[in-house]
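Here's the structure, in structure tokens; my notes come after.
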Amino acid sequence: MELSSRQKIFFFIFAISGFSGLIYQSIWTHYLKLFLGHAAYAQTLVLAIFMGGMAIGAWFCSQYSGKWKNLLLVYAVAEGIVGISAILFHPLFVQFIDFSFFTVVPEINNVSAVNLYKWGMATLLILPQSILLGMTFPLMSAGILRRFPGTPGYSISILYFTNSIGGAIGVLTSGFFLVKYLGLPGTIIFAGVINILIAAIVWKLAREQQPAPVIESPSVEAPQSGNNTFYLMLLTVSLLTGMASFIYEIGWIRMLSLVLGSSTNAFELMLSAFIFGLALGGFWLRKRVDKIKKPIRDRKSVV
């Protein structure tokens, strides 16, 4: 399938976005390990907050993106804020650590309360950026579909592939190269600069084209109770599938750490392999998804 040069540029940009986004997931585990005092806790918390934040970001876009005229401009703003937050993260983290361990924690006499404080504050450190990262895929995908409406399944599959393959490379690059040569501050600043450059490029490209018209949601009748139950069932299955996949992730980290002797390297290898598998799934579907007549079969076919 022939893609326009502009589409290829956006796909490449989204691969670089995935590269920087997974650097954050890797590097946050290093930072939070210093605060929580345990690598396994830091990895679990980062996985939970990263994915939870992405879910919130995607939900926010589902509620409001239909009212935004130029989704790629909003995407550029989200990338820019993520980049600025990354550049400011290290000095803010150092001040936060000093304030917590020298002022707050000594005043708390209960171990459970100290742990609650640590986990709560660690969540606040990375949740806003995770929400913004969660907005990037729906904004980019919807923005691409508005400008290039042909073969939407192909476009979404390639976006998923490029973003995921960039993320898989980003995890390995961060864990086995960047941290070694740039340290934690240098690595997160490096990722932040990438996001800011992405924001500037997408902003320029998006403004060169006329913004796509706002898509008004058509008024439809409320679904029948049977169909509503069916779609709720699909959402529940999706929820359980996501839950199971991340149980696998945590289990694989623990098993790999027994072999490698380092939970940090196990985390990065597992995460890279997991995301690489997602990338291959999107790549395999790219030429097939638009030919599927019933991506979600009707109730009678399922039953």
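The values are calculated or read from the model by the stated rules, or taken from the named source; none is laboratory data. In this text the structure is predicted, and so the values were computed from the model without any measurement. Neighbour counts are summed over all protein chains in view; Cβ atoms, including those assigned to glycine, are modelled from backbone coordinates with ideal geometry. For the accessible areas, the whole protein counts, side chains as well, though only heavy atoms, and no ligand, DNA or RNA atoms are used. Shrake-Rupley method; radii C 1.70, N 1.55, O 1.52, S 1.80 Å.
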*In nm, to one decimal, how far is the residue 193 label point from the residue 176 one, both placed 7 Å along Cα→Cβ?*
2.4 nm
_Could you give each residue of segment 236-246 its phi-based ³J(HN,Hα) in whole Hz, using Karplus coefficients 6.51, -1.76, 1.60 with θ = phi - 60°, and x for Gly or Pro?_
5, 4, 4, 4, 5, 5, x, 4, 5, 5, 7
*Take the Cβ-Cβ distance between residue 108 and residue 148 as r, set R0 to 35 Å, and report the resulting FRET efficiency rounded to the nearest 0.05.*
0.05
_Please compute the modelled spin-label separation between residue 273 and residue 246, points set 7 Å along Cα→Cβ, answer in nm with one decimal._
2.1 nm
*For segment 16-32, 3J(HN,Hα) per residue [Karplus equation, 6.51 cos²θ - 1.76 cosθ + 1.60, θ = phi - 60°, Hz, x = Gly/Pro]*: 5, 4, x, 4, 6, x, 7, 4, 4, 4, 5, 6, 4, 5, 5, 5, 6
*Hydrodynamic radius (Kirkwood) for segment 98-196, which is based on Cα pairs only, to one decimal in Å*: 17.1 Å
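Using the C-alpha atoms of segment 10-88, what convex hull volume per residue, in cubic angstrom, is computed?
Enclosed volume per residue, from the Cα hull, is 99 Å³.
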_Packing-based ranking, highest mean first, of 90-99, 5-14 given that Cβ atoms within 10 Å are counted_ = 5-14, 90-99
*Once both labels are modelled 7 Å past Cα along the beta-carbon direction, what's the residue 117-residue 55 spacing in nm?*
2.9 nm
*By how many nm would the segment from residue 233 to residue 77 lengthen if fully extended, with 0.36 nm per residue of separation less the alpha-carbon distance?*
52.6 nm
*Order 250, 275, most accessible first, counting only protein heavy atoms with a 1.4 angstrom probe.*
250, 275
*asked:* How much of the pair distance distribution for segment 43-119 lies past 19 Å, counting alpha-carbon pairs only, in percent?
replied: 60 percent
